[in-house]
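What follows is a single structure, written as structure tokens, with notes after it.
The values are calculated or read from the model by the stated rules, or taken from the named source; none is laboratory data. Just so it is clear, the model here is predicted, and its values are computed rather than measured. Glycine gets a Cβ as well: all are built from the backbone with ideal geometry, and neighbour counts include every protein chain shown. Surface areas here come from the heavy atoms of the whole protein model, side chains and all, with no ligands, DNA or RNA. Shrake-Rupley method; radii C 1.70, N 1.55, O 1.52, S 1.80 Å.
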Amino acid sequence: MSTDMFISLPYNIILSREQVLEMDAVLPSAAEELLREIQKQYLETKQIPDDLLLALKFMFGPIAVHALDLVDQHSVTQFVAPSGRAVYQVIGSSGRVYSCFSSCHYCSCPAFSFSVLRKNDSLLCKHILAVYLSQATGTCQEVTTSAGHVTGLLLAKEEDNT
Amino acid sequence: MAGLLRGALRWYSGVEHAEVSTDSLSLIGDRLPYCLVLGEHACGKTSLLFLAAILAAAEEGKRVLFISRSPIQTLPAPLVGLRARLGPLSLKVGIFSLGLHGKQTLTQSDFPGNKMPKIQFLYPRSSDELLQVVASVHENEKLVPSLIIVDGLNEYAATSGHHFVAHVSALLVDTAAFLTERFSAISKNPEGVNSKCSVIVSLTLPSCTDDETEGSLNVIERYFPVRCWLEKDTYSPEGVVEGQNFRVYFSEESGIEPQQDSASGSQETKEWKVMFRESGEMTVLPLSPSNSGTM
């Protein structure tokens, strides 16, 4: 698929893959718009329409399917301290758990370190995308826990999972 | 954030505060509460951050967390000449006699009347300790800061790789975002100075970069699109004293151009010159658009 290819959706979301690959730590506006549409459709129909699934795959590449699988498996949990400090934990396909942050892109998984940070050819990993999708579809589990536990999850490092 | 650094530069230069547009988007870096300060070794970064911390605490009432690997035992050399001007400010923020304790952490009992100063200095010795400090900021609800400064992140990152740089940068941004949300929820004025938590990080650029250093810089720049550059200035106009000169300017990688507020005729300085004499004394001068281009 050419990186110059454009795709037009019924919901007036016109985007190119190049727009998505801005190397930033937050979502580009086109991706935010897509997630808002997914949320709106899921609220009404309890499923993601095919055209939005297509847009998701176009925008994020192969990780989109893996992220959707993680959401289907209810792999995303948000841990919240009494102060409101929160962090996401995602159970990966191998059974290992990874920590993802709420407000900017960070994941303790090796793919984030390699594909996103080092090779610069992905905006995010499947775990971060799974967090976004679980938020959009309301399928993220929320657990209240201690401040110390949240601190521990925030500190989870890449080598903790090797 | 950029506004705090501009305030420090203005205060240092002694220039009266010119009429500034009230439009918060009119200057580069004012939209976002995070700023990365970049420059080579000994270009004034620590002094600038230290001054920003004092001004933020004394004049804006912010509670500041100042993190550095190297303990600050005394006033940074470039600021010594300003001791008289800093005195009243330092009393306001609880740094008594401008003598900093240089301890690993300070507790309430370290201060007269058990009154915690508005600036807390912490000196984590390793990258793991730094992560622990930042990750646990939320745990003490009575002491949450509204300005977090990390001076010399490169000293922690030197042996820790890209993932550590991303981890600590993301942790700082995420922590500040959480605190901002919390402050906004309890503040009666969501747009007020204490309704958000800001982060300033300084990074010393090595004299020659390799792939690893450049990679780490690319990583941290993902999280800090607003940058304050202290760049060596090779132009020496007549009358400029012997020593080293640096040009200070801001940039933002947002693709959004700062709005030109022509209605109020904003006079805010966009660039500054920092000059060091042989004695170490530092002078800051605002540059007007007519002489800032002569670099």
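Odds and ends about this structure:
- Close amide-amide hydrogen proximity is noted between B:S198 and B:L147, B:I148, each under 5 Å apart and 5 or more residues distant or on a separate chain (H modeled in the peptide plane; Pro and chain starts excluded).
- For segment A:68-106, a reduction of at least 50 Å² in accessible area between the chain on its own and the assembled protein chains (probe 1.4 Å) is found at A:S83, A:R85, A:F101, A:S103, A:Y106.
- Per-residue 3J(HN,Hα) values for segment B:49-57, derived from phi via the Karplus relation 6.51 cos²θ - 1.76 cosθ + 1.60 with θ = phi - 60°, read 5, 4, 5, 4, 5, 5, 5, 4, 6 Hz in sequence order (x marks Gly and Pro).
- With all protein chains in place and ligands, DNA and RNA left out, the 1.4 Å accessible area ranks B:M1, A:M59 as B:M1, A:M59, largest first.
- Linear extension gain, B:A158 paired with B:I72, 0.36 nm per residue minus alpha-carbon span: 28.9 nm
- On the basis of the beta-carbon distance and an R0 of 22 Å, A:T144 and B:E181 show a calculated FRET efficiency of 0.80.
- Residue-level accessible surface for B:C228, protein heavy atoms, 1.4 Å, Å²: 0 Å²
- Which listed pairs, of B:K62/B:K270; A:K57/A:K119; A:K119/A:K157; A:K119/B:K196, have C-alpha distances above 31 Å, in listed order: A:K119/B:K196
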